[in-house]
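Peer 1: Sharing a structure below in structure tokens format, with a few things to ask.
Read-outs throughout are calculated quantities, based only on the coordinates presented, and are distinct from any laboratory measurement. These numbers come from a predicted model, not from an experiment. Every residue, glycine as well, gets a Cβ built from its backbone with ideal geometry; the counts of neighbours run over all protein chains shown.
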Amino acid sequence: MSRHPVVRHPHVGSPSALSSLLEARIFMEMALLPASLPLLAAAPQGDGHPVVLVPGFMAGEASLVALRLFLQNKGYDVHTWGLGRNVGFRSKHANALPQKIRYLHHITGRKVSLVGWSLGGVFSLYSAESTQECVRSIITLGSPVSVDTVGNQSPPALKALYRLVSHRLGASAHLMQPRAKAMREHRRLPIPTSCLYSLTDGVVPPQEATIDGDPSLHENIQVPGSHIGLGFNGIVLSIVADRLAQPEGNWQSFAPKGLLGRIWRSTSAANADNTTGT
């Protein structure tokens, strides 16, 4: 049976002011993580392949602690990018991450999965562009993976911070890099890619956190929650484990069953938004 193409979310403009204000709910999301233990326990075990976690803008290795511990517990060979705080596009970062992917592929003999949070998802896509033969899958969490000619639509305060810390041209600077050509043209890598996004993300709007693509390889999955709480969100962690557990060479789009399926369907009221790409 034919499947419809994966399409980006139709939202236009920046995140709502209310969503941006509600980013403070991360503390509630972190406090509620222990309540997700039954859901996390039900997530599938991994097959031990290497997974690299990449933090978001202005975040470091510590922000990945919940993801790292959870995925290690599920049996994966988990690594963080090892480059400290993500302060935006730096040539040394853009060059070092592909080297790490190749190294892990070489020493393990297995393809590497990439999980990038926010700007970390953009770095993951950059790196996969030049290391396609080494990459098994890509998962992005609220990442600005699609930007239109109008430019980045993140809140003004974030744009100002990026210009101050990273580049005077702002967050669009990384899109000017030759390696970002595929992203600028909305072309997608022939690698299984899952883009998780939230309609109440106060940092990256849903049209930027989703992609157009081939349903046999690409998908957009709506999740509840804040942007800065994605890595501490029990539903997100369970979906990441579900996606990583897909057999190499036999990837299937997201179709949750059991406890995850019941919770995901009850918390994602807009599943008709092509969240699964089918």
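Peer 1: Among Pro34, Phe57, Gln45, flag the residue with its Cα farthest along the positive direction of the charge dipole of the stretch 22-77, charges on Cβ as +1 for Lys/Arg and -1 for Asp/Glu.
Peer 2: With unit charges placed on the Cβ atoms, the residue in question is Pro34.
Peer 1: Against the 2.2 N^0.38 Å scaling, with N counting residues, where does the stretch 26-84 land? I'd like the Cα-based Rg ratio to two decimal places. Don't jump to the answer; show the numbers that get you there.
Peer 2: Working: Rg = 12.6 Å, N = 59, 2.2 N^0.38 = 10.4 Å.
Scaled against compact globular proteins, the figure is 1.21.
Peer 1: Sticking with this one: Under a 5 Å amide H to amide H cut-off, with H placed in plane at 1.01 Å, what residues pair with Cys195 once short-range neighbours are removed?
Peer 2: Thr140, Glu219, Asn220, Ile221
Peer 1: Multiply the residue separation of Asn95 and Ala160 by 0.36 nm, subtract the distance between their alpha-carbon atoms, and state the gained length in nm to one decimal.
Peer 2: On the way: separation 65, 0.36 × 65 = 23.40 nm, distance 2.56 nm.
Between Asn95 and Ala160, full extension yields 20.8 nm more.
Peer 1: Which whole-angstrom value gives the distance between the alpha carbon centres of the stretch 213-257 and the stretch 40-70?
Peer 2: 13
Peer 1: With the contact rule set at Cα under 8 Å and sequence spacing of 6 or more, what percent relative contact order holds for the stretch 17-273? It would help to have the intermediate numbers written out before the result.
Peer 2: Details: 478 pairs, mean separation 59.2, N = 257.
It rounds to 23 percent for the stretch 17-273.
Peer 1: Kindly put Arg265, Arg110 in sequence by how many other C-beta atoms sit within 10 Å of each C-beta, fewest to most. Walk me through the intermediate numbers first.
Peer 2: Details: Arg265 11, Arg110 16.
Fewest-to-most Cβ neighbours within 10 Å comes out as Arg265, Arg110.
Peer 1: Which of the peptides 133-144, 64-75 is most tightly packed, and how do the rest follow, judged by the mean count of other Cβ atoms within 10 Å per residue?
Peer 2: Packing order, densest peptide first, comes out as 133-144, 64-75.
Peer 1: What is the fewest-to-most order of Asp212, Asp77 by other Cβ atoms lying within 10 Å of their Cβ?
Peer 2: Ranking Asp212, Asp77 by Cβ neighbours within 10 Å, fewest first, gives Asp212, Asp77.
Peer 1: What's the exposure ranking of Val54, Val12, going from fewest to most Cβ atoms within 10 Å?
Peer 2: Taking fewest neighbouring Cβ atoms as first place, the list is Val12, Val54.
Peer 1: A further question follows. Provide, in order from the shortest bin, the percent of all Cα-Cα pairs of the stretch 17-273 in each 10 Å bin, continuing until the bin that contains the maximum pair distance.
Peer 2: 7, 34, 39, 18, 1
Peer 1: Here's another thing I want to ask about it. Which of the aspartates and glutamates could a cross-linker span from Lys100 if the Cα-Cα distance has to be under 15 Å and same-chain partners fewer than 8 positions apart are dropped?
Peer 2: Once the sequence-local aspartates and glutamates are set aside, what remains near Lys100 is Asp77, Glu129, Glu133.
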